[in-house]
Amino acid sequence: MAASDNLTLLVNPQAGHGRAMRTAELVAGMLRVRGIPVIVPALGSAAAMRGIAAEAVRRADPGVVVVGGDGICHLAIQEIAGTNTALGIIPAGTGNDFAAALGLPGDVQRAATAIADALESTKHRTVDLARCGRQWWASVLCAGFDSAVNDRANRMPWPRGRRRYDLALLAEMARLRAVPMTLELDGRTVALEATLVAVGNTSTYGGGIPICPRADPQDGLLDVTVVGRISRWHLTRVTPTLRRGEHLAHPSVTTYRARSVSLHSNASPAVTAYADGEPISALPVTAICQPGALRVLQTWPGP
């Protein structure tokens, strides 16, 4: 199939408290004014949207632009990772951690302008992704207390935004536990008890919490933050430091860096891993960094 000049716009209609559709119409108009042909397909299920992204790749479209948060980014990269079709992001979701990590504009007009500028540029940015089996992810994979918080937050219809995550965190405090885990880090084995493990391609999750503050999506490595056995009282004391990225200094926190990270646990009930706010699988799980796996519609001065 011959290469196309089209951009495909994918929209999460639930994102941004339902504002994403209006945002998508605005973005499509701005891009067309710049002379960029835009396809806005009919809305459908997540599977249908993945099919639309896959079709864009088959047409060799220059990009797929998502309007929403981390969830729709996660959906799109399943089809466009490792291809020449680039990802454009209009941050319009509850959590926009991946867009923020890349330094993309949060303002709709500036984000659309940046995408148009990138299409006219010959230098696009490439960034790392991580992969668990056949499933790609972009920001942070978590297992333990933080994945339980994520699961609870996803089930809560209220409140919206960051407060939902904060309330879910408080609710899960009552069930706090450390579980035996084994980490395999590029072949090195570490046995420990962990309250939570976060594996970061980028630094933040949960709407801006810098759980892996040193993570860099262009260094070919994953950053691992482990919180060991810790009491509720101490975790309550540590939690405020998460927003400031100061938790790494706590004696219960250890960090690692590796290209391949495997998490194993025989805990019951099973520990579930989440990435980009989406469920991946129960442990064991192996995450492998894939350098330069994603092209981004972002002008970039590097080679």
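Throughout, read-outs are computed from the coordinates displayed, never taken from laboratory work. Bear in mind that the values here come from a model prediction, so they are computed numbers and not experimental data. Every residue, glycine among them, receives a Cβ derived from its backbone with ideal geometry; neighbour counts consider all protein chains shown.
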Calculated FRET efficiency, residue 33 and residue 218, Cβ-Cβ r, R0 25 Å, to nearest 0.05? 0.20
Fewest to most neighbouring Cβ within 10 Å: what's the order for 117, 276, 128, 216? 117, 216, 128, 276
When the chain is fully extended, how far beyond the present Cα-Cα distance does residue 175 get from residue 43, taking 0.36 nm per residue of separation? 43.6 nm
Geometric extent, Cα atoms of segment 137-291 - Rg, Dmax (angstrom): 14.2, 43
Exposed trypsin sites (Lys or Arg not before Pro) absent - longest run of the chain, DSSP non-H/G/I/E/B, at most 10 other C-beta within 10 Å: 1-133
In what sequence do 173, 49 fall when counting other Cβ within 10 Å, fewest first? 173, 49
Separation in nanometres of the label points that stand 7 Å from Cα toward Cβ, at residue 288 and residue 19: 4.1
Restricting to DSSP H runs of at least four residues, report the calculated mean residue ellipticity at 222 nm for the chain, -39500 (n - 2.57) per run over all residues, nearest 500 deg cm²/dmol. -9000 deg cm²/dmol
Sorted by Cβ neighbour density within 10 Å, fewest at the top, the residues 145, 98: 145, 98
Quote to one decimal, in nm, the extra length available between residue 192 and residue 120 on full extension: 0.36 nm per residue of separation minus the C-alpha distance between them. 20.9 nm
Rounded to one decimal in nm, the spacing of the 7 Å Cα→Cβ label points at residue 300 and residue 255 is 2.3
The ³J(HN,Hα) series, computed from each phi in segment 65-82 with the Karplus coefficients 6.51, -1.76 and 1.60 at θ = phi - 60°, rounded to the nearest Hz and given as x for glycine or proline, is 9, 9, 10, x, x, 5, x, 6, 4, 4, 4, 5, 5, 4, 9, 9, 4, x
